[in-house]
Every structure is written in C-alpha cells, then in structure tokens.
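The values are calculated or read from the model by the stated rules, or taken from the named source; none is laboratory data. As the structure is a computational prediction, the values presented were derived from the model and not from experiment. All Cβ positions, glycine included, derive from the backbone under ideal geometry; neighbour counts span all protein chains shown. Surface accessibility is based on the protein's heavy atoms, side chains included, excluding ligands, DNA and RNA. Shrake-Rupley method; radii C 1.70, N 1.55, O 1.52, S 1.80 Å.
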Amino acid sequence: MAHPAHPAYPVGLRLAGRRVVVIGGGQVAQRRLPALVAAGADVLLVSPSATPSVDAMAETGEIRWERRRYRDGDLADAWYALIATQHREVNEQASAEAERERVWCVRADDASAATAWTPATGRVEGVTVAVLTGNDPRRSAAVRDAVVEGLRDGTLTAPAHRGRDRGVPGVALVGGGPGDPDLITVRGRRLLAEADVVIADRLGPRDLLDELPPHVEVIDAAKIPYGRYMAQEAINNALIEHAKAGKAVVRLKGGDPYVFGRGMEELQALAQEGIPCTVVPGISSSISVPAAVGIPVTHRGVAHEFTVVSGHVGPDDPRSLVDWASLARLTGTLVILMGVDKIGLIAEALVRHGRPADTPVAVVQEGTTTAQRRVDATLATVGERVRSEDVRPPAVIVIGEVVRVAEAGPTPPTH
C-alpha cells in the first residue's frame, strides 16, 4: 500500500483496443463509461443491473454487458478496472484480485484503497486537462474548470509547437462582434490568442488587440499599402502572403464576417490559393446594438419581422441593390447599417413610397462601447437630427415601432 504522504504519479493511459472491466452499473459507471468508450477501450461491464443510460450504451454496442454479479477471475487480462458497486465486500474482493493481477484499479467507494485515481478532466481543442488534488475532488474540479475556461476563452494561452506543420498555412475569419470586447465568441477569442498575425478592421473590438503578446504582428487593414490594388484585393493578398509564410493568421472583423463584411470574398481568395480557412461567426451589430439601448428588433404584437439593409449607397444610386419601395410597404423593423451619411435620402425614399413620416427612428453611435450614444427622431426629422447632433459612423439605425416599445420600457445599463 502506498504511503499516504506520497503523491500520485500522473500518467495518461492509452486504452484503445485494450480490455477494461467496469464492475457496477450505477451512477459512477454512467459518468465514467463515456470517456472510456471515447478512448477506444474494449469495455466489459459486470453488473446485475444498470442505469438506463448505461443500458443504452450496451444496446448500441458501445460496451459489452454481462448481467451478473462479480466473480473472481473477471479481471484476468484486464489493463484497467473501475470498481463501483454498492457492496463494500464485493469491492474489496475485486480490488484484491486487481492487486494480485497487477491491474490498475479505481475504487469509487474508497480512494485510499485504490491503485489509481480518476482525475477531474476536461478537453479543449485536442488538449486534455487532468487535475488531481488527493482527496479533494471538488478542488480538482474547480482547478480543472478554471484551466479549461481559460483555454476556451483565450485568457490562458498555450500555442501548439510540437506537431505544428508550418508548411500548412491557415486563416481564421473571426467576427469580433459589435465593439465590446466581451461580446466576441469564445472560439474567436481563443483563435486570436493563438495568432501570429492579426489583420484587423477599424470596427473590430480594438481593446482585444492590447491583450496580444508582443510577438504578434497586428496590421491595421485600413493602412495596408494598396498600390495598384483595390483595398479588398490588398487585404486578400496580405492574408495569402502571411498564411503562405506558415503563420497563424486571424482576420478580425467587426460584427459577423458574412454580414456586409466581405468575408466570402476573402474566403474565395484563400480557396483559390489552396489555403484552408476557418470562419467564426460573430454577433452582428444589427441585433446587438439595438439591444444595447433597449430596442428589441422584434416584439410580440408590434413587429413580426426585421430586415437588415446596407445604406452605404443611396436609394437613387444605380449601384443600389435594395428595393426601397418594397421595404417601405413592410410593417416590421428596418435596421440600416453603414447609412449615417445617406439616412436623409433613405428616409425621404421610404416616406415617398408610403412609410409614415412619423415612424420612429433611433440612431445608435458606437453601440456597446463606452462611447455609445443614442439619438431619437422620426423619418421626417432624422436627416436633420443626424446633422445637428453630429452623428458619425459607426452607427446602427433602427426604424419602426419597436423604438417606441423601448421608450416605454426601463432604461438599459450603459456600457
């Protein structure tokens, strides 16, 4: 028996194709069996009964189940055993056999009598975190959770080195959300923490760039020398150049890469060069910014639909692909992105095609950031209000009765 002062020696067992015996089909087995199956173990369950979940694993062939009590000899040729019955004498008999047969054995009822302990484990992107703290399983779980969460959200960084093939480049198109750094997705933040190069838009969550390690090259997309290229072509070429150099590249965008973000253009350019690309969706400002000032884009009895429209070209511009006449006939919410300098013309077109001039409008500048502010108007007055209040991009414009719903509700917290 090991001395109680001696710490456990941590090791990872490779159980694929190897015999593992589980004695007892209760709640402990239900928790432990999925990980054993995932490890590829050849699992034999010995128990006269089992929980419905364990029964289902046997029915689907994930484990073999002999519906009987333990008997001496069950652990022959086993590599690993989990003993978890409700009968102490049975557990002691099985544990004694494991000791004779030199089978690593976990005892659910008495950790001090076991030859192996099950650590608190978690998995993140191919990394297994296993924590042992002796006889304090709650602390083990708490430490595990802290490490796993840190790896997930990027606050704890551990870049891959061994096995990382620098000859296989890759790019991640990451939607950074509306501006508040806390609103980037967990996966987006993790990829950002693992990047060698970050090519960032002005509308991306800039505060996150300050958290990057010194070795990470941060490139402002607005300052890439364009030369004979159009701006987007220059960005595409920068992505390709750094990816082909074997660097982990993140293209950090505001909102979502596919909502007026030209994400598909960049993915297509990368695909033409044979460069793999991961797309990480982001929280679109079309929904999150109205929410930040208390405006729901839909509301029961008020709006059953909302439409997101680009306002970067005016209604009379031949380049416009928007059917403003049809939009004016809708009764739901209109959300205009990139429309600050064209909102006067847009409002006039909507009124001309039948939308009431007194339809409420809210313009939210720098939504979800510390500089957030809201300007309210109607279609008749919004053009002048935007000028008189000196509203500047980026701003999200919400048109519809949901604006009045927000006026009647509680004031949301500021950011």
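Evaluate the following for Val289: is it in a helix (DSSP H, G or I) and within 27 Å of Ile397 (Cα to Cα)?
When the stated conditions are applied, Val289 passes them.
So if I check each of Gly255, Gly261, which one is modelled with pLDDT under 95, over 18 Å from Arg187 (Cα atoms) and within 23 Å of the chain's Cα centre (by Cα)?
Gly261
Looking at segment 354-362, is at least one residue in contact with a strand residue (DSSP E or B) (Cβ under 9 Å, 6 or more places away or on another chain), of a type outside the set (Phe, Trp, Tyr) and under 23 Å from Asp256 (Cβ atoms)?
Within segment 354-362 (the criterion being in contact with a strand residue (DSSP E or B) (Cβ under 9 Å, 6 or more places away or on another chain), of a type outside the set (Phe, Trp, Tyr) and under 23 Å from Asp256 (Cβ atoms)), the answer is yes, since at least one residue qualifies.
Among the residues of segment 306-325, write down those that are in a loop (DSSP other than H, G, I, E, B), β-branched (Val, Ile, Thr) and in contact with a strand residue (DSSP E or B) (Cβ under 6 Å, 6 or more places away or on another chain).
Within segment 306-325, Val322 is the sole residue that qualifies.
Provide a single number: the residues in segment 191-220 that are touching a strand residue (DSSP E or B) at 6+ places or on another chain (Cβ under 8 Å) and either closer than 19 Å to Thr278 by Cα or outside any helix (DSSP H, G or I) (or both).
The number of residues fulfilling the criteria is 20.
Under the condition of being touching a helix residue (DSSP H, G or I) at 6+ places or on another chain (Cβ under 9 Å) and acidic (Asp, Glu), which residue from segment 183-209 is nearest to Leu151 (Cα to Cα)?
Taking the candidates together, the pick is Asp196.
Would you call Pro257 within 29 Å of Asp180 (Cβ to Cβ), open to solvent by 80 Å² or more (accessible area, probe 1.4 Å) and in a loop (DSSP other than H, G, I, E, B)?
Here the answer is no, as Pro257 does not meet what is asked.
Answer with yes or no whether Val129 is more than 37 Å from the chain's Cα centre (by Cα) and either open to solvent by less than 20 Å² (accessible area, probe 1.4 Å) or of a type in the set (Ser, Thr, Tyr) (or both).
No, not satisfied.
What is the residue count in segment 89-102 for residues that are open to solvent by 10 Å² or more (accessible area, probe 1.4 Å) and under 44 Å from the mean Cα position of the chain (by Cα)?
2
What are the residue pairs meeting all of these: first residue in segment 40-53, first residue within 19 Å of Leu75 (Cβ to Cβ) and among the charged types (D, E, K, R), second residue at pLDDT 95 or above and surrounded by 16 or more Cβ atoms within 10 Å (Cβ to Cβ), Cβ atoms under 6 Å, and 6 or more apart or on different chains?
Asp42/Arg19
For segment 314-334, enumerate the residues that are under 20 Å from Arg404 (Cα atoms) and of a type in the set (A, V, I, L, M, F, W, C).
Leu327, Ala328, Leu330, Leu334
Pick from segment 264-286 the residues that are buried (at least 18 other Cβ atoms within 10 Å of the Cβ) and over 18 Å from the mean Cα position of the chain (by Cα): which of them is farthest from Gln365 (Cα to Cα)?
The selected residue is Ile275.
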